[in-house]
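The values are calculated or read from the model by the stated rules, or taken from the named source; none is laboratory data. These figures come from a predicted structure and were not determined experimentally. FYI the Cβ positions are ideal-geometry reconstructions off the backbone, even for glycines, and counts take in every protein chain you see.
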Ligand code: HEM
């Protein structure tokens, strides 16, 4: 046990049991943001829990998060370890990597192609896939998850690997499904959280499900990491590689004489991170958007009116319209505030002992920004639990409220490197869906309206559980527009 060098108390928290600490009252990942928010009324903005001897500090105010993650960013740039994620093959995944030289190398590789000025390079892919998205809604009006998953995954697959997704059976799409499944499956608590020694248990041992899980998933994850880059390397030799993040990086390495097995692995894991990190987050955001429109018909109508007024009904909106569509911007921001896709961002680890307002944060503590508390802060957002896009319109029309980008995308050195791309992926889908489609509550056989219940479940990210919904073209003309745009897209694929 490490000696405390300071007499300061830990941040307060609920009463704990001997040895196991707060284990018995620890909420699950889906409910933790709300539960901790309610505890903060008793224990304050900065609380702490003890889990089997490990300290977890929870930050429930913007002031505390900004002070620690932004102003003292270097002390909190590390991540806690996630033993099961690491064992299934993600030990070098950027989002989980400890802060250090190797982390900085991979972060640079991933960050450069997604900086703000590079965002326009990917917009043609988003516009093209948005046409497929609308068309897929037309084909199956009751399906929400499928078309959105395909949209977000297809964009990231083309950006990362230069591969255009043309069917729901696509190999890369299946790998994206597997990524999500393992992200959720390996996110469950396991005996490995207590000690790595439990990996040695025989698989039949009670509670040793993780042993079977690693055996089954690890080869699949390692294949998903390595295979796409090996294929593109061969395509470069054959002269058949399409432009992509991977082909560009491979070309650079070949030109500089640096294509070693280590560098190829680094590139593979970075590309895998783009592929995994980039699709589920935007997918969840857009599914949440559909849920918000379903439950707020009046807001949906106002968004459609703005689009009709600014863009008209004769064409699809594109990125050049964005500055003229302030209400669409507000709907998108409010979706991200009302239910952030990462309600606990990604936890950090304290690199050294620290002190905050007379409280002791020990080196090695897991430190979590509870974004839920930040977005429910009535000092920043009036009537914070309601979905009100107007809050972001300037006064006197709206409330002139501001959503800091960090509430969605994090802070400082570990801020989301895909934020500009994500912003575009979500915006063009929101604008085109509202321009052409109506999102409605479905009717039962007897003609009564089915009232959906919107509930969320979470692992690293949070998404709505499936809900009943009907998505239909706003008019025959809108349906025609969608078909034309889709046909044009398919013609470009064939040529
Ligand atoms: C709406 C979509 C998205 C949201 C809400 C989101 C949110 C976040 C958040 C909250 C973090 C943790 C930041 C922190 O610790 O302070 C993060 C990290 C990360 N995101 Fe995103 N993200 C989105 C889209 C994307 C996309 C499109 C990519 C792919 C290019 C991406 C790649 C990553 C990576 C690689 C990290 C780890 C960064 C690190 O640890 O250094 N994200 N994201």
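Quick one: would you say residue 342 is within 12 Å of the ligand (Cβ to nearest atom), at pLDDT below 95 and under 29 Å from residue 152 (Cβ atoms)? Yes.
Just one of 437, 460 is in contact (Cβ under 8 Å) with a residue 40 or more places away in the chain, within 10 Å of the ligand (Cβ to nearest atom) and surrounded by 19 or more Cβ atoms within 10 Å (Cβ to Cβ); which is it? Step through it out loud before you land on a result.
Numbers: 437 fails: within 10 Å of the ligand (Cβ to nearest atom).
Just one listed residue meets the conditions, 460.
Selection of the stretch 345-362 for residues being modelled with pLDDT of 95 or more, in contact with a helix residue (DSSP H, G or I) (Cβ under 8 Å, 6 or more places away or on another chain) and either within 16 Å of the ligand (Cβ to nearest atom) or in a helix (DSSP H, G or I) (or both) yields 348, 349, 350, 351.
Checking the structure you have, find out if any residue of the stretch 208-218 is surrounded by fewer than 23 Cβ atoms within 10 Å (Cβ to Cβ), within 14 Å of the ligand (Cβ to nearest atom) and modelled with pLDDT of 95 or more. Among the residues of the stretch 208-218, not one is surrounded by fewer than 23 Cβ atoms within 10 Å (Cβ to Cβ), within 14 Å of the ligand (Cβ to nearest atom) and modelled with pLDDT of 95 or more, which makes the answer no.
Kindly indicate the residue of the stretch 400-419 that is on the phi > 0 side of the Ramachandran plot and not in a helix (DSSP H, G or I) and also nearest to the ligand (Cβ to nearest atom) among those meeting that condition.
Restricting to residues being on the phi > 0 side of the Ramachandran plot and not in a helix (DSSP H, G or I), the top hit is 410.
Residue 134 satisfies every condition listed in (1) within 16 Å of the ligand (Cβ to nearest atom); (2) in contact (Cβ under 8 Å) with a residue 24 or more places away in the chain; (3) crowded, with 19+ Cβ neighbours inside 10 Å; (4) over 28 Å from residue 214 (Cβ atoms) except (1). Of all the criteria given as (1) away from the ligand (no atom under 14 Å from the Cβ); (2) in contact (Cβ under 8 Å) with a residue 24 or more places away in the chain; (3) more than 20 Å from residue 399 (Cβ to Cβ); (4) surrounded by fewer than 24 Cβ atoms within 10 Å (Cβ to Cβ), the one not satisfied by residue 293 is (4). The set of residues from the stretch 446-457 being surrounded by 12 or more Cβ atoms within 10 Å (Cβ to Cβ) and farther than 18 Å from residue 143 by Cα comprises just one member, 457.
In the stretch 420-432 there is at least one residue that is away from the ligand (no atom under 16 Å from the Cβ) and part of a helix (DSSP H, G or I). Among the residues of the stretch 69-121, those that are more than 30 Å from residue 322 (Cβ to Cβ), assigned to a loop (DSSP other than H, G, I, E, B) and touching a residue at least 12 places away in the same chain (Cβ under 8 Å) comprise 72, 77, 79, 80, 81, 82, 92, 93, 96, 97, 98, 99. Summed over the stretch 50-68, residues that are buried (at least 20 other Cβ atoms within 10 Å of the Cβ) and in a loop (DSSP other than H, G, I, E, B) total 1. Within the stretch 234-258, being assigned to a loop (DSSP other than H, G, I, E, B) and touching a residue at least 12 places away in the same chain (Cβ under 8 Å) holds for 241, 242, 243, 244.
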